[in-house]
Structure formats: C-alpha cells, structure tokens
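*Asks:* Can you read through this structure? Questions will come right after.
No value in this document is a laboratory result; all are computed from the given coordinates. The structure presented is a predicted model; accordingly, all values stated were derived computationally and were not measured. Here Cβ is always computed from backbone atoms with ideal geometry, including for glycine, and neighbour counts include all displayed protein chains.
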Amino acid sequence: MTKKIIITIFILLSIISLSSCTSNDKEESGVTGSVVDESGIPLNDVSISYRNSLITVKTDAVGAFVINQPRTLFIKFEKEGYQTLSAKIDNFSEDAFYDFKRITLNKTSNSSANYNDVSLNTDPKFIDLKLYGTVLNSFGQPLKDVSVTLKDSTIESYSMNDEGNFNFKIFDNQISIEKEGFRKVAIQLPYYEKDKQNITLVKNSNKSGIYILKEDKYIPLPKTKLTYKSEEKIGSVLWGGNFAYNITDFYYPKNTKDFKIESDSIIRFIIFEPSFASGLFEAQNVEGYLCTANYKLTTTPFPSSKTESLPITEIYPPRFSPNSIDEPKIIEFKPSDRNKNYVFVNSTTKTGYYFTY
C-alpha cells in the first residue's frame with residue numbers, strides 16, 4: 001500500500017513539474033493578450049490570423065546563405081459584426097514575448113480593416129534571428145545563385161474561451177530553396193534550430209533505379225530478381241478471428257555478373273525507388289541471407305534484418321522536409337569490411353540492386 005502511495009505522489013509531482021515547464025515556456029516567448037468589445041466584455045471565437053514578411057536571399061560562390069534581416073509579423077483580429085483590427089510587430093523574433101494585454105473590437109455594420117498599429121504593453125527583448133547554411137548538389141559541390149526564401153505563410157488562431165484570451169507561438173520557419181533545373185525543396189525548420197543547415201538539391205530527372213554518385217557521374221547499379229522463399233502464416237486479432245499473411249526471406253542473387261566498388265571509404269548513392277522499398281542489406285555467410293519482409297493485412301512490407309544496422313547517413317531529402325515520400329533519396333554508406341556483398345532490397349517487386357565492396 002505504501003509503495004502505491006509513493007508511486008502516485010511521484011507521478012503527480014512529475015505532472016506538476018511538466019505543467020510548470022510548459023507554463024514558463026509560454027511566458028518566455030509567444031504572442032498573448034485578450035479581446036473585448038467596447039463595453040469591456042470578453043469576446044470569444046475571434047479569428048486571429050498572422051503572417052511573416054517574406055525574405056529571399058541568394059547563395060554565394062561557395063553555396064553559402066545567411067538570413068538575418070529584421071522581420072515584421074502582421075496580425076489581424078476578425079469577428080463577424082465587429083470592426084476588423086490589424087496590428088504588426090516590427091523586428092519580430094520567435095524567441096521574444098509580446099503581450100497585447102487588451103484589444104478592443106467595436107461593433108459595426110460595415111466591417112473594415114483598421115491599419116493603425118495596436119500598441120504592445122511590453123518592451124520585448126529582441127533576439128536576432130539568424131538562419132544560415134550552404135546549398136550543395138548531389139555530388140556535394142556548392143551551388144551558386146540558389147534562392148533561399150523565408151516564406152510568407154499565414155496561420156490562423158482563435159480566442160476560444162469566455163475570457164477572450166489568446167496565446168500563440170510560431171514554432172517553425174518555413175523555408176523554400178529553389179534553383180532552375182533542380183527539384184524544389186521545402187523545409188519546416190523548428191524555431192530553436194540555430195545550427196548551420198547543409199541542404200542538398202537534386203537535378204530534375206526521369207531516372208529510375210539506384211546509382212552511385214561519383215566524379216560528376218551517375219553510375220547505375222545492376223538490377224536482378226532476388227532469390228526468396230515465402231511461407232504462409234496464420235495470425236489472429238484481439239477481437240477474434242484469424243487472417244493469413246506471408247513471411248518472405250530474401251537471399252543474395254547467385255550467378256550474377258560481378259559489380260565491384262573499390263577504394264572508396266564512403267559511397268554516395270541516389271535512389272529513385274519508393275522510400276519503403278530501398279533498404280540496404282549485407283549478405284550473410286549462411287546461404288547469403290539478406291532480410292525478411294512480413295505481408296500482414298495487405299499493409300506495405302518493411303524488410304527487417306537479423307544483422308545490425310549498417311552505417312548509413314541520409315543526405316536527401318533534407319531534415320525537416322515534409323511530404324518527402326515521393327522524393328529521390330541520397331544516402332552515404334561507409335563499409336567496414338572488404339569483400340562483402342550488398343543488396344538494396346525492393347521487397348514489393350522482389351528485386352535487388354547489388355554490388356560487392
């Protein structure tokens with residue numbers, strides 16, 4: 001009994017501590033205030049939309065870019081039957097705290113925007129924004145004259161409670177990277193990410209398959225049907241009933257023409273295959289075993305292997321890039337031993353792209 005009480009107290013203290021941290025975070029940064037009518041009565045369900053000013057820079061001869069210009073945050077307060085009020089925050093920073101205290105919306109039959117600034121009730125400590133990094137091509141070479149844009153994005157919030165209070169925070173910087181002849185990249189960079197960003201762009205292409213990137217060339221890996229064996233299994237669900245599924249084991253293809261990679265300590269590949277079907281596996285000594293794919297409830301199979309994870313670094317799509325499922329993928333692979341066979345396994349089509357290191 002005593003043990004249960006101690007555990008309960010520990011959980012409650014953890015929740016209180018977490019709530020305190022969350023509250024402090026809101027006080028440290030963000031935009032807050034309340035909305036009332038001309039009689040001082042709080043207004044709920046006020047639409048609050050906000051957007052950043054757009055900034056575009058170009059990369060220099062070594063592919064470097066820096067965005068550290070002052071920005072303006074535009075805010076609009078709207079409610080049907082009331083005057084629309086606009087405000088702006090100059091030298092806006094995601095790391096500062098802005099308190100509007102009380103904003104008054106007057107009733108009107110003809111709603112029109114009032115562009116007089118709504119004054120802040122605090123003097124925020126501005127923390128300079130600095131987004132910087134380099135833009136490279138698939139071979140790791142710098143790209144000049146790439147447009148890097150801090151996007152002008154509009155987000156909407158509401159004052160939902162009976163007190164008319166609102167509180168919002170911009171959690172990420174939306175950035176687009178564009179250059180003619182290359183695939184456009186979008187990044188949702190969290191506001192707290194201050195480190196240098198190394199961004200890779202890929203040329204527009206209708207290629208398929210997997211290639212080695214070396215000396216400005218795309219060298220294709222040979223493709224072959226994989227050896228495999230499949231076994232049907234019976235599974236069950238919690239609410240009752242059974243279903244059938246397959247477990248398929250894949251093996252290194254025998255009697256294939258040699259394709260050797262020599263001397264490179266790090267190998268860079270570009271993969272024009274679905275991301276779920278391009279896993280790299282090392283052939284094992286026992287019968288050339290590669291990996292296993294489970295086909296359950298018609299879901300897409302994700303191969304798994306009994307071996308440890310291979311030393312792979314993903315270069316493209318960039319980190320924090322949304323909607324990148326259909327994008328090509330660039331990886332760097334650092335082999336640890338020589339005279340090993342490897343295969344990129346496509347478990348859907350049961351094909352592989354193979355090489356020997």
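*Asks:* Stretched out fully, how many nm does the piece from LYS207 to ASN285 gain, at 0.36 nm a residue minus the Cα gap? Intermediate results must be reported in sequence, preceding the final value.
*Replies:* Working: separation 78, 0.36 × 78 = 28.08 nm, distance 3.33 nm.
Result for the pair: 24.8 nm of gain on full extension.
*Asks:* If you don't mind, there's one more thing I want to ask. Give me the extension gain from THR313 to LYS260: residue separation times 0.36 nm, minus the current Cα-Cα distance, reported in nm with one decimal.
*Replies:* On the way: separation 53, 0.36 × 53 = 19.08 nm, distance 2.12 nm.
Between THR313 and LYS260, full extension yields 17.0 nm more.
*Asks:* Can you compute the FRET efficiency between ASN339 and ARG51 using 1/(1 + (r/R0)^6), with r the Cβ-Cβ distance and R0 = 51 Å? Round to the nearest 0.05.
*Replies:* On the way: r = 58 Å, r/R0 = 1.14.
Computed FRET efficiency for ASN339 and ARG51 comes out at 0.30.
*Asks:* Test of understanding: what is the full-extension gain from GLU332 to LEU120, defined as 0.36 nm times their sequence separation minus their Cα-Cα distance?
*Replies:* Going from the current span to full extension adds 71.3 nm.
*Asks:* When a/c reaches 1.5 or more, the comparison of a/b and b/c decides; with that in mind, is the stretch 221-357 rounded, prolate or oblate per its Cα gyration tensor?
*Replies:* Numbers: a/c = 2.24, a/b = 1.37, b/c = 1.63.
Oblate, since a/c reaches 1.5 and b/c is not below a/b.
*Asks:* Where in the stretch 51-69 does the amide nitrogen come within less than 17 Å of the point 7 Å from the Cα of ASP90, taken along Cα to Cβ?
*Replies:* Residues passing the 17 Å test: 53-54, 69.
*Asks:* Could you tell me what percent of the DSSP beta bridges with both partners in the stretch 30-200 are antiparallel, to the nearest 5?
*Replies:* On the way: 42 of 55 bridges.
Close to 75 percent.
*Asks:* OK, next. Looking at ASN165, ASN106, VAL146, which one has the Cα that reaches farthest to the positive end of the dipole of the stretch 30-200 (charges on Cβ: Lys, Arg +1; Asp, Glu -1)?
*Replies:* Of ASN165, ASN106, VAL146, it is VAL146.
*Asks:* For the stretch 216-299, report the convex hull volume of the alpha-carbon atoms normalised per residue, in Å³, without decimals.
*Replies:* Details: hull volume 13.0 nm³, N = 84.
That works out to 154 Å³ per residue.
*Asks:* Something else now. Please list, by residue number, every one of the GluC sites (Glu not before Pro) in the stretch 195-259 that is coil in DSSP and has at most 15 other beta-carbon atoms within 10 Å.
*Replies:* Numbers: sites: GLU215, GLU231, GLU232; in loops: GLU215.
Within the stretch 195-259, the qualifying GluC sites (Glu not before Pro) (loop, at most 15 other Cβ atoms within 10 Å) are GLU215.
*Asks:* Explain nothing, just the number: dipole magnitude of the stretch 30-200 about its Cα centre with +1 on each Lys and Arg Cβ and -1 on each Asp and Glu Cβ, in debye rounded to the nearest 20. Walk me through the numbers on the way to the answer.
*Replies:* Working: 19 positive and 23 negative charges, 117 e Å.
With only Lys, Arg, Asp and Glu charged at Cβ, the dipole is about 560 debye.
*Asks:* Using the Kirkwood radius over Cα pairs, work out the Stokes-Einstein diffusion coefficient for the stretch 314-357 at 25 °C and 0.890 mPa s, in µm²/s as a whole number. Could the numbers behind the result be given before it?
*Replies:* Numbers: Rh = 12.7 Å.
Taking Rh from Cα pairs, D becomes 192 µm²/s.
*Asks:* Exposure proxy check: LEU290, LEU105 ranked by fewest other beta carbons within 10 Å? Walk me through the intermediate numbers first.
*Replies:* Numbers: LEU290 30, LEU105 22.
Starting with the residue having the fewest Cβ neighbours, the order is LEU105, LEU290.
*Asks:* Follow-up question, since we're still on this one. Can you compute the modelled spin-label distance between ASN198 and SER157, with each label point 7 Å from Cα toward Cβ, in nm?
*Replies:* About 3.6 nm separates the two model spin labels.
*Asks:* Here is a follow-up. Could you tell me which of THR224, TYR354, TYR245 has its Cα farthest along the dipole of the stretch 205-357 towards the positive end, charges placed at Cβ (Lys, Arg +1; Asp, Glu -1), taken about the Cα centre?
*Replies:* Going by the Cα projections, it comes out as THR224.
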